[in-house]
Amino acid sequence: MSKNFLLLILKSVRHRPLRSWLTVLGIIIGIMLVVVIFSLSSGIQTAIAQTLRMFGSDLIYIFPGKETNPLSSIVGGERFREKDLLALEKIQGVKFVVPVDAKTLNLEFRGEKKSTMIHAAPWKKMRLIFESSQGVKVEKGVWPQSEVSREVVLGYLTANSLFKEKIRVGDEIILKSSRMKVVGIFSKIGNQNDDNSLFVSLVDFREITGSAGSAFTGLVKVEAGADPNLLVRQIKAELSRQDVVRDFAVLSSDKVTRLIKDVLTIIELTLIVISLVSLMVGAIGIMNTMYTSVLERVKQIGVMKAIGASYDDILSLFLIESGVIGLAGGTLGILLGIFISYLIGLLAAGFGIRGVFSFGSLDFMGLLAILIVTFVTGVIAGLLPARQAAKMEPAEALRYE
């Protein structure tokens with residue numbers, strides 16, 4: 001009987017292939033999103049943690065704007081006075097403060113022009129931050145020794161990929177009509193923002209851009225043994241006395257990590273809700289398909305009952321069919337979700353972010369649970385149509401036109 005049931009189910013699905021594929025589409029989308037979420041969430045958190053460790057656990061970040069809306073600092077265009085940032089060096093536990101500025105400027109090399117991000121800070125302090133806190137070295141060339149030397153250090157990708165020809169140590173570039181000499185090239189950092197940037201002294205930056213006495217953000221180097229969380233509170237209290245930047249954020253590396261994890265959690269919850277809605281749409285699609293199937297197979301049901309099929313036989317036939325449709329959607333959703341996660345992992349690796357996805361991190365018991373859920377969802381969705389089919393009287397079914 002089971003073999004006959006399966007043959008009838010396969011025949012029914014093959015009889016309406018387009019409708020069957022459209023029915024399982026909602027299940028496929030919902031399960032795909034769930035698989036992508038759970039396949040990538042741990043890898044993304046690990047990758048972010050590794051990236052943040054590169055930014056130094058002994059650093060505190062200061063930027064204009066609210067913690068809950070960091071993009072407002074970019075839109076608002078507020079800037080700190082340099083003297084207000086440097087005044088923070090009086091706080092016990094602060095080793096030094098680095099005023100940092102940044103701007104997108106035109107860069108020209110051998111007749112080819114590109115726009116790139118320029119980062120500016122005092123060379124001596126910038127070197128200490130890069131080498132002691134972030135572990136980043138100048139791979140080729142040297143660090144500039146003078147703040148007014150018109151010398152630059154390039155990010156790895158700026159030197160090797162930005163222009164058709166690679167920029168080498170000793171080459172000259174034109175930065176907003178000012179000739180600059182390349183004296184160093186950083187090793188690959190793994191952060192796209194830094195790898196695609198150009199670094200100059202704060203003095204040269206101000207001469208080129210015309211800005212003076214201000215900085216977009218600040219980095220605080222914490223002394224060994226000092227409590228970063230206590231320093232964050234003290235820095236906030238000190239900066240609250242200035243009246244130029246009304247809203248500002250002061251974040252330790254731990255706080256940045258927590259904020260990013262909170263954002264990821266919100267994204268995950270949103271995608272899970274979307275997945276559940278998609279799953280419900282898929283279940284409704286299965287129910288609609290099964291009702292249509294019952295109407296199309298009234299005479300078949302009548303024949304089966306006439307030759308001895310019971311209420312339970314008919315009920316089981318349609319329940320198994322709806323369950324198989326749900327199971328097929330779940331299986332395809334899992335395979336598609338794993339494939340998309342794999343592609344995202346490859347794309348992230350191409351940008352220098354490794355470990356986002358690995359087959360070893362897949363939870364196979366969780367995937368099995370997803371298959372069970374989709375099968376049960378299909379069975380539940382097909383319950384009402386199956387009962388309608390099972391209750392048909394043989395004589396009425398045979399007379400149905």
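The values are calculated or read from the model by the stated rules, or taken from the named source; none is laboratory data. Quantities reported herein were computed from a predicted structural model and do not represent experimental measurements. For neighbour counting, all protein chains shown are included, and Cβ atoms are generated from backbone atoms with ideal geometry for every residue, glycine included.
Summary table
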read-out	value
Condition check for residue 209: exposed (fewer than 14 other Cβ atoms within 10 Å of the Cβ), among the polar types (S, T, N, Q) and more than 16 Å from residue 63 (Cβ to Cβ)	no
Residue within region 217-225 that is over 30 Å from residue 201 (Cα atoms) and either hydrophobic (A, V, I, L, M, F, W, C) or touching a helix residue (DSSP H, G or I) at 6+ places or on another chain (Cβ under 8 Å) (or both) present	no
Matching residues, region 91-113, being of a type in the set (Gly, Ala, Ser) and modelled with pLDDT under 90	102, 111
Any hit, region 186-208, residues being more than 20 Å from residue 101 (Cα to Cα) and free of Cβ contacts under 8 Å to residues at least 60 places away in the same chain	yes
Qualifying residue in region 232-248 (condition: in contact (Cβ under 8 Å) with a residue 24 or more places away in the chain, surrounded by 16 or more Cβ atoms within 10 Å (Cβ to Cβ) and part of a strand (DSSP E or B))	yes
Residue ID - farthest from residue 203 (Cα to Cα), chosen from residues in region 102-127 that are surrounded by 12 or more Cβ atoms within 10 Å (Cβ to Cβ) and more than 31 Å from the chain's Cα centre (by Cα)	110
Total residues in region 319-357, condition modelled with pLDDT of 75 or more and either over 13 Å from the mean Cα position of the chain (by Cα) or within 23 Å of residue 26 (Cα to Cα) (or both)	27
Some residue of region 298-307 being at pLDDT 75 or above and not small (Gly, Ala, Ser)	no
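Residue-wise test of (1) surrounded by fewer than 21 Cβ atoms within 10 Å (Cβ to Cβ); (2) touching a Phe, Trp or Tyr at 6+ places or on another chain (Cβ under 6 Å); (3) closer than 21 Å to residue 137 by Cβ; (4) in the same structural domain as residue 90 (by TED's automatic domain parsing).
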| residue | (1), (2), (3), (4) |
| --- | --- |
| 170 | yes, no, yes, yes |
| 187 | yes, no, yes, yes |
| 197 | no, no, yes, yes |
| 218 | no, no, no, yes |
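For (1) within 25 Å of residue 212 (Cβ to Cβ); (2) touching a Cys at 6+ places or on another chain (Cβ under 6 Å); (3) at pLDDT below 90, each residue gets a yes or a no:
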position	(1), (2), (3)
89	yes, no, no
115	yes, no, yes
121	yes, no, no
128	yes, no, yes
149	yes, no, yes
153	yes, no, no
190	no, no, yes
